[in-house]
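Step one of this worksheet: look at the structure below.
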Amino acid sequence: MEITYKSFALFACALILSIWAWSVLNWVWLRPKKLERCLRKQGLKGNSYRLLYGDLKENSMMTKEVNSRPINLSDDILPRVIPLSHKSAVIHGNNSFMWLGPRPRVNIMDPELVKEVLSLNFNYKKPKSNPLVKFLANGLASHDDELWAKHRKIINPAFHLEKLKVTMILYEVLRLYPPVVQLTRAIYEDTKLGGLSLPTGVLVCLPIMRLHHDRDIWGDDVKEFNPERFSEGLSKATKKQVSFFPFSWGPRVCIGQNFAMLEAKMAMAMILQRFSFELSPSYTHAPVTVLTLRPQHGAHLILKKL
Ligand code: HEM
């Protein structure tokens, strides 16, 4: 009898172990390779899947390397701020994907498709964040579905300021240096997006900064600081496309955007009333993303009292 119990226990352990081993194998290898085949069949290009890490190791090595030295004020900032994404676009073109560990993330560069993703908030959700992040910062930005809709409805009126005049200069700053350089969305069922069939498990990347720096959209002066491009309003400058979205777009657009614009204007007005300022020679141009885009060694200014 005892032997029977023992062998049953052994069998149960072996079964649990094999199920566990199968799900790990599926997670780290079989599923990523299946997703990769599906994306390549549709003409999307990217690095071959590398076990577990995908492109993450290469990304962190490149980031460390580019962050070790500043650039010139006239240099393109994309290779410094989003090095791997930039390299991938150069090698593979706009229809490309990157590996965030075992999950491929497809880049969406067509403003029409960006609009579709950002409109369908309940289909393209924010990827589940680490439970620790939720513990530290839980709120509207991390909620989804009904909980998000309920909280958004409650909070919205607090941010509903009178519509402000478009501030060309701030818009141009936000175009060239969007604090949030890209948005990521996850899908939880097979989804059609334009000509693409995205299988469950794929992530979608809306590379805000790359769209803001796209010559085809903005013209030959794309890299220049030219606030005049917004002189006839946002829709004229963007040709009514979702090609400028520093605060995101659609139902999940930044709830604090009017507040942020007002705050920036007030800060500028208060400084300009009292000081003139210029860039200090000690300033080194080194834009970097640490959650948001910022100057790696600070913004050195020389203020002169008026
Ligand atoms: C220049 C300043 C700001 C920029 C560029 C910015 C940008 C963004 C972006 C891109 C998103 C969408 C994130 C995503 O969907 O993954 C977002 C969401 C959000 N922002 Fe901002 N933001 C700014 C300032 C603020 C301020 C001042 C507040 C509050 C006082 C704020 C509160 C929020 C909240 C609560 C959300 C989540 C909205 C939702 O999920 O429904 N933001 N912001």
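Annotations for the structure displayed:
- With every protein chain in place, the chain: carbon and sulfur % of accessible area (1.4 Å): 64
- Residues whose amide H lies under 5 Å from that of residue 103, counting only those 5 or more places away or on a different chain, are absent; hydrogens are built 1.01 Å from N in the peptide plane.
- Coordinate range along principal axes, alpha carbons of the chain, Å, largest first: 95, 44, 39
- The residues of the range 2-266 present an accessible area of 59 Å² per residue when probed at 1.4 Å with all protein chains retained.
- Electrostatic tally near residue 285: other residues with Cβ closer than 10 Å to its Cβ, Lys and Arg +1, Asp and Glu -1, net 0.
- Whole-Å distance, taken between Cα centres, linking the range 263-306 and the range 22-81: 33
- Crossing angle, helix 2-25 versus the chain [Cα axis fit, 0-90 degrees, rounded to tens]: 30
- Look at the dipole of the range 1-155 built from charges on Cβ: of 74, 61, 11, the Cα furthest out on the positive end belongs to 11.
- Here the extension length gained between residue 60 and residue 147 equals 27.9 nm, from 0.36 nm per residue of separation less the Cα-Cα distance.
- Overall form of the range 51-119 per C-alpha gyration tensor (a/c, 1.5; a/b vs b/c): oblate
- Principal-axis tilt of helix 83-92 within the chain, Cα atoms, nearest 10 degrees: 80
- Of all DSSP bridge pairs formed entirely within the range 2-266, close to 75 percent run antiparallel.
The values are calculated or read from the model by the stated rules, or taken from the named source; none is laboratory data. Because the structure is a prediction, the values reported are computed rather than measured. Methodologically, a virtual Cβ is constructed for each residue, glycine included, from the backbone with ideal geometry; neighbour enumeration extends over all protein chains shown. Ligands, DNA and RNA are stripped out before the accessible areas are found, and what is left, the full protein with its side chains, is counted by its heavy atoms. Shrake-Rupley method; radii C 1.70, N 1.55, O 1.52, S 1.80 Å.
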